[in-house]
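Below: the structure, in structure tokens.
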Amino acid sequence: MQSIGERFEEARKRKGISLREAAEATKIRSDFLGNIEQNKFNFDLPEIYKRGFLKNYARYLKLDPENILTDYSAHLLSKSRSNPKGAELFGSMDVNGASTEAGDNQHEEPSYGRISANTPAGDAEEEEPNFEDESDRIFYIKAGLVAVGTLALVVVIFGLIKAILGSGDDSVIETPDLRDPAAITESIESTEASNPASTEESISLIASGNVYVLVKQRNDNQELFRKTLSGGETVTLAKSGPVDILFTAGENLVIVNPAGEKLRPKGEGTAKISIP
């Protein structure tokens, strides 16, 4: 039957892994791993750390950790039985006479890793350090940082796209840099005024191209219209009193006043005019 160390060494070599690679992956020093593979378990560390090393090394090499720990306990038990003095049980349990122990305790410093004979084995096992926690924590931190950076990049790209596509937004219309009032050319032509009463309190907006238009009634500040008109689109609005018309592309807009005259703003770009 193979020993514990032989099983570890065979599993590691079968996977083509060096001791240095195993040490980097398990966060266990390579000299400790070398001692384990040589069945030298008397290196100067507390017993609970030795069991933690065995458990984590077994997991790394895809061996059964419980079987390894069971065989390790059996190894320590057989070693203690072969010692006629019974000096050590499970690697660290003192069984000296009461008088000798009392005398030694006055001078000895506390020994790390000693397990009291009254301490249940299950309690010692529960305190076993998990050497995988630190590497897992680092992995999750890196993944979180990558996720936050990706989200920030998406937000920036979305903001740039919105800024590019939002050139016709309300903020352009309502900027304080608007020219007020914009000059209006003489009427282009007059519509037929067969029924003047029907057009007395209405205006029409005719778009020859894309133009964003905002129409507000001056006496009560009521918003009558707000929209981007496409080329060839016509809108007729009923009004009460003077109105202010704000637009982004005057070259693409024709306004029909209540008298039926077609007026075009003089100049290009964003401006505002008033219609009585």
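The values are calculated or read from the model by the stated rules, or taken from the named source; none is laboratory data. Everything quoted here is computed from the prediction, not taken from an experiment. Cβ coordinates were reconstructed from backbone atoms using ideal geometry, including for glycine residues, and neighbour counts include every protein chain displayed.
Selection of first residues in region 249-276 that are in contact (Cβ under 8 Å) with a residue 24 or more places away in the chain and within 16 Å of L237 (Cα to Cα) and of second residues that are in a loop (DSSP other than H, G, I, E, B) and of a type in the set (V, I, T), restricted to Cβ pairs under 6 Å at least 6 apart or on distinct chains, gives the following pairs, ordered by first then second residue: G260/T191; K262/I188. When you scan region 157-166, do you find a residue that is modelled with pLDDT under 75, touching a helix residue (DSSP H, G or I) at 6+ places or on another chain (Cβ under 9 Å) and either under 30 Å from K50 (Cα atoms) or not polar (S, T, N, Q) (or both), even just one? Within region 157-166, one or more residues are modelled with pLDDT under 75, touching a helix residue (DSSP H, G or I) at 6+ places or on another chain (Cβ under 9 Å) and either under 30 Å from K50 (Cα atoms) or not polar (S, T, N, Q) (or both). Counting only residues that are part of a helix (DSSP H, G or I) and polar (S, T, N, Q), region 1-59 holds 4 of them. Restricted to region 13-50, and to residues there that are crowded, with 19+ Cβ neighbours inside 10 Å and within 37 Å of the chain's Cα centre (by Cα), the residue that is farthest from T70 (Cα to Cα) is A22.
Note on region 226-245: residues that are under 49 Å from the mean Cα position of the chain (by Cα) and either surrounded by 16 or more Cβ atoms within 10 Å (Cβ to Cβ) or touching a residue at least 40 places away in the same chain (Cβ under 8 Å) (or both) amount to 5.
Search region 60-70 for residues being among the hydrophobic types (A, V, I, L, M, F, W, C) and not in a helix (DSSP H, G or I), and hand back the single one that is surrounded by the most Cβ atoms within 10 Å (Cβ to Cβ). Going through the qualifying residues, I end up with L61.
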